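Reading through the structure tokens given below for one structure.
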Amino acid sequence: MPVDCQKSTSGGKGNQGMFIERDKKVCAAGLPTAQPNDFVADCLQHYLLKDEVDALISDSIIPSKKPRPSPPLRYPLPLDKRFAGPFGQVAELINPPLKTKFQTLVDDLKDTPYSSYWKKPLGKGSDQVPMLPEGLDTLKTTFGKKTEFHGCLYDIVMPKEPIRYDNINTKSKEPGVQVTRNYCTPAYNPDLTFGYRTFVDKRGTYARYCFTDDRIILGNGDKTITNILQSNFKDATQPKTGTVLAPNNNVNNLPQGHTFGKLKPPDNIVECLTFCERKPDQDFYRKCLGHLNSLRKYLSKRFLPTFFRGFYLSLKYFDDAKSDWLPKDIVYKACASKLIRFDSALIEPLLLLWNAFDGNKIKYKTFIHIINYKEPLPEIPKMSDLPPNCLDFRTTYTDMVKPGQEKDERPMAGIPSGRYFDLDFPITPENCCKADRSCLPHESDMKACLCPSVLTLFHVNHRDMYAKREPHVIKKVFEGAGECLNDETFDAIWEEAKTYHSKGWVCYETFRRALEKYLRNNNNRKKKK
């Protein structure tokens, strides 16, 4: 095929040699099936499945990965225990959480500063206890002052020789003894019993039978065999424990929230919480204000707001002296002419409260102001619910100071926090008994109640330690504790202890501090010699 024809067409390659070419420019008919610039490599390329998948993935919307959880807090957020009640810190102190095996192992490892801990014999330590002198017998040496032996607790609770009450008339204290109260006889018969007879056990064992019978545990103890007619009658007429007797199921046919009975106004909570009688004037003034509000509401439906300006000018016409006061008869007649009717016995106390009524005359400007429904009422003076003799306001500082005590003008570092701290003896609070003061006083805290110390067990508080004492009392106490004090030494320590108080008072604590200082000075003198 000529070159010029190849550029225009390339068909007819399969008929080469079958026809005689009369014209050198003869070309095959039809559309060309191949272009002269095409290559075999280009024809072999095709759209792979991976390309299709990649196209679909790129067009799809893939949600982002979930963020990693934030690291836990070092300390958890504290719970709000302001209204926890019994589920607060007290429950954690009484019932501490159980330790896991890993926590127990960690605590044991913290308590083993020496490698020989795991090799020590049972009940003994193989290493010398630190911070103690060498050669000290750790099993037999004790520190502190020796206390007197008062006996074992087991002997006190369960004595070997119990106390006998043979010589004491305690017959009425024994169990099962009937107390003779000298009632009138024969009207009173001590052999009679009251109440309904129970048929729990016909044998008469009663309590023992109730504790041992299996029917009580199963809940069948009070069931007896009866006729079906009697059983149906009891189910319809006698309600069971914890259920409502409703034979016709009327409750299911009532609207939601329906209640039975007549509505009763709620009780006065103020009267229930106070010991004093409330002032009756307060209820009367409420009634007066209610009547005034009804009058204002009535006038708002009959008159426009511009009516009250004209009504004020009509009353001002009768005020010849220009004193803003008019007799109440004139004001009431003017109101009657405008068909304004009200109860004067309920309006006059309010005018008297706002200084607009003196008994005969009314300040008509204030009267027009309070009946005008567009104007707010004047400010009502404060009225107390209780009489003044029932009101008592106290603070921590006033409870701390004696009644009639002189004011201390010396500079003070803060306000003392203890109640009755300056009194020589404890005072029982109001509505409390002596047991409340001695066993659980106001100065005790929850830790002292759960873990009482020796002083708490013997009912000794801080007031007993800091109360003013006499010299012979302090000397007797410290000598009983093991101190050897002659008269000369005691007088020297006493004079030193008096310097610790502005008025020269001495208590156990100040004497103890002076005693330690005295012993320390003596030891220093001996070392210098």
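The values are calculated or read from the model by the stated rules, or taken from the named source; none is laboratory data. Just so it is clear, the model here is predicted, and its values are computed rather than measured. Counting neighbours? That spans all protein chains shown, and the Cβs are built from the backbone with ideal geometry, glycine included. Ligands, DNA and RNA are excluded from the accessible area calculation, which covers all protein heavy atoms including side chains. Shrake-Rupley method; radii C 1.70, N 1.55, O 1.52, S 1.80 Å.
Write out the trypsin sites (Lys or Arg not before Pro) in the stretch 279-344 meeting two conditions: DSSP loop, and at most 11 other Cβ atoms within 10 Å of their Cβ. Those that pass, being in a loop and sparsely packed, are Lys322, Arg341.
Each Cα pair under 8 Å and six or more residues apart adds its sequence gap; the mean of these over the residue count of the stretch 322-395 is a relative contact order of 31 percent.
Site pair Glu483 and Asn355 shows an inter-label distance of 6.9 nm when each label is modelled 7 Å from Cα along Cα→Cβ.
Computed from label points 7 Å out along Cα-Cβ, the spacing between Glu509 and Ala467 is 1.5 nm.
What a 1.4 Å probe finds exposed on the stretch 276-365 is 54% carbon and sulfur by accessible area, rounded to a whole percent. Fully extending the segment from Ile62 to Glu516, taken as 0.36 nm per residue of separation minus the present Cα-Cα distance, adds 155.3 nm.
Backbone phi angles across the stretch 319-329, fed through the Karplus curve with coefficients 6.51, -1.76 and 1.60 (θ = phi - 60°), yield HN-Hα couplings of 8, 6, 7, 6, 9, 6, 10, 9, x, 5, 5 Hz in residue order; Gly and Pro are listed as x.
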